[in-house]
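In what follows, a structure is listed as structure tokens, so that the remarks can point back to it.
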Amino acid sequence: MSPGRVLVTGGAGFIGSHVCEAYLVQGWEVTALDNLDGGRAANVPRGVHLIEMDIRDEGVRRVFRDGGFDVVNHHAAQANVRDSVSRPRHDASVNVDGLLNLLESALEFGLSRFVFVSSGGALYGEAAGLPIPRTAPKRPVSPYGVSKLASEHYLDAFRRLRGLEYVALRYANVYGPRQDPHGEAGVVAIFARRILDGERLAVFGDGEQTRDFVFVKDVAAANILATNAHLPRAGGLDDVAFNVGTGERTSINALATAMIEIAGRAVGIAREPARPGDPMHNGLDCSEIRALGWSPAHSLDAGLRETWDFIAREAA
């Protein structure tokens with residue numbers, strides 16, 4: 001697809017701001033839509049037009065009418081798993097109603113492609129085997145995971161009913177610069193912040209649970225590929241969904257050790273009780289998106305060093 005106009009929802013957030021940068025590099029005219037609840041205006045790259053608005057707002061229709069967008073890249077979400085458990089209606093309001101508000105406007109004013117950010121962890125639940133293929137059973141155990149799965153079904157329905165062309169990206173554990181070190185998710189940023197504060201790193205359970213950590217700039221590159229990839233015209237959810245990860249799993253113990261070594265500060269580790277519902281292992285089979293030409297360009301060590309340097313500079 002030739003560069004045109006793209007709307008990135010959640011464009012002031014951790015991942016969304018990197019996606020905005022990637023589009024800019026490719027020559028796109030980029031607009032970011034963000035209510036700044038979890039994002040920061042300072043994250044938005046120079047050259048990106050920021051509109052401060054909630055995706056559920058009725059003003060979204062006006063944004064589409066005036067914007068003339070070719071592509072929507074939908075990163076805005078309620079992404080706190082614990083909050084989805086305590087406030088499931090709020091989770092559904094943002095993640096499902098918000099999506100439908102965008103889709104209605106997108107279909108009214110014309111769109112070439114809708115790139116949707118799903119979840120490679122919450123969607124599959126505790127998988128029977130690893131790495132998890134995109135065709136694995138979907139067994140979400142949190143309202144957040146349910147809302148992501150419901151969203152994929154809505155997108156598929158609009159594809160069949162109204163010809164919507166969309167791609168779903170199911171992320172592994174994304175980390176990198178601009179990640180919130182005070183949130184629920186983002187263990188790399190949380191570890192970095194605790195090291196800076198001279199606090200021991202909290203590791204839940206025995207620390208041998210494993211995750212697939214993928215660097216945010218590699219994820220941004222996957223979004224560019226998803227914007228341009230040739231898609232099948234028929235099939236189910238999984239035919240237009242791609243797992244995005246490294247295919248490698250790292251234990252939380254190993255991650256903590258690596259972060260301490262990179263920082264050069266011996267803060268130690270504090271053992272905490274295991275968290276109920278936390279899957280023991282998660283790793284994604286990313287063979288389909290690799291077949292399209294994408295592969296992670298950053299090793300875990302390189303990504304952790306860049307993340308640590310950024311957070312340390314921010315703190316200073």
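Just a few scattered comments:
- Other-chain or far-sequence residues with amide H under 5 Å of His281's (modelled H): Thr210
- Taking every DSSP beta bridge that has both ends in the chain, the antiparallel portion is near 5%.
- Sequence ranges 11-21, 146-156, 258-268, ranked by mean other-Cβ count within 10 angstrom, highest first: 11-21, 146-156, 258-268
- FRET efficiency estimate (nearest 0.05) - Cβ-Cβ, Ala316 to Asp206, R0 41 angstrom: 0.75
- 3J(HN,Hα) couplings calculated from phi for the range 129-143 with the Karplus curve 6.51 cos²θ - 1.76 cosθ + 1.60 (θ = phi - 60°) are, in sequence order, x, 10, x, 7, x, 5, 8, 4, x, 9, 10, x, 10, 10, x Hz; Gly and Pro show x.
- The string of couplings for the range 55-61 from the Karplus curve (6.51, -1.76, 1.60, θ = phi - 60°) is 5, 8, 5, 5, x, 4, 4 Hz, one whole number per residue in order, with x for Gly and Pro.
- Furthest towards positive pole of dipole, Val71, Asn43, Gly59, structure part the range 43-109, Cβ charges: Asn43
- From its DSSP helices (H runs of at least four residues, each -39,500 (n - 2.57)), the chain gives a residue-normalised ellipticity at 222 nm of -11500 deg cm²/dmol.
- Gyration tensor (alpha-carbon) shape descriptor, the range 101-185, a/c threshold 1.5: oblate
- Choice from Asp37, Asp54, Asp91 with maximal GNM fluctuation in the chain (Cα, 10 Å cutoff): Asp37
- Note on the chain: with a GNM built from Cα contacts shorter than 10 Å, the maximum mean-square fluctuation among Ala254, Ala229, Ala32 falls on Ala254.
- Placing unit charges on the Cβ atoms only, positive for Lys and Arg and negative for Asp and Glu, gives the chain a dipole magnitude near 200 debye about its Cα centre.
- Rounded, prolate or oblate (a/c below 1.5 giving rounded, otherwise prolate when a/b exceeds b/c) for the range 217-278 by Cα gyration tensor: oblate
- Amide H to amide H, with H built 1.01 Å from N, Ser118 comes under 5 Å of Leu169, Arg170, Tyr171, counting only residues 5 or more places away or on other chains.
- The range 19-92 and the range 158-220 have their alpha-carbon centroids 18 Å apart.
- In the range 11-156, the inverse of the mean reciprocal separation of distinct Cα atoms equals 16.1 Å; this is its Kirkwood hydrodynamic radius.
- Helix 187-196 and the longest principal axis of the C-alpha atoms of the chain enclose an angle of approximately 50°.
- Taking 0.890 mPa s as the viscosity and 25 °C as the temperature, the Stokes-Einstein diffusion coefficient of the chain based on its alpha-carbon Kirkwood radius rounds to 124 µm²/s.
- Each residue of the range 91-103 was assigned a 3J(HN,Hα) from its phi angle through the Karplus expression (A = 6.51, B = -1.76, C = 1.60, θ = phi - 60°), giving 4, 5, 4, 6, 7, 9, 4, x, 4, 5, 4, 5, 5 Hz with x at Gly and Pro.
- Taking packing as the residue-averaged number of other Cβ atoms within 10 angstrom, the listed peptides 94-107, 300-313 run from highest to lowest as 94-107, 300-313.
- Asp301/Glu272 FRET efficiency (R0 22 Å; Cβ-Cβ; nearest 0.05): 0.30
- Relative contact order of the range 1-136, pairs being alpha-carbon contacts under 8 Å that are 6 or more residues apart, as %: 24
- Percentage relative contact order, the chain, counting C-alpha pairs under 8 Å, at least six apart: 18
A short reminder: the numbers here are calculations on the coordinates, not readings from a lab. Predicted, not measured: the structure shown is a model, and the values here were computed from it. Note that we place each Cβ from the backbone using ideal geometry, even for glycine, and neighbour counts take in every protein chain shown.
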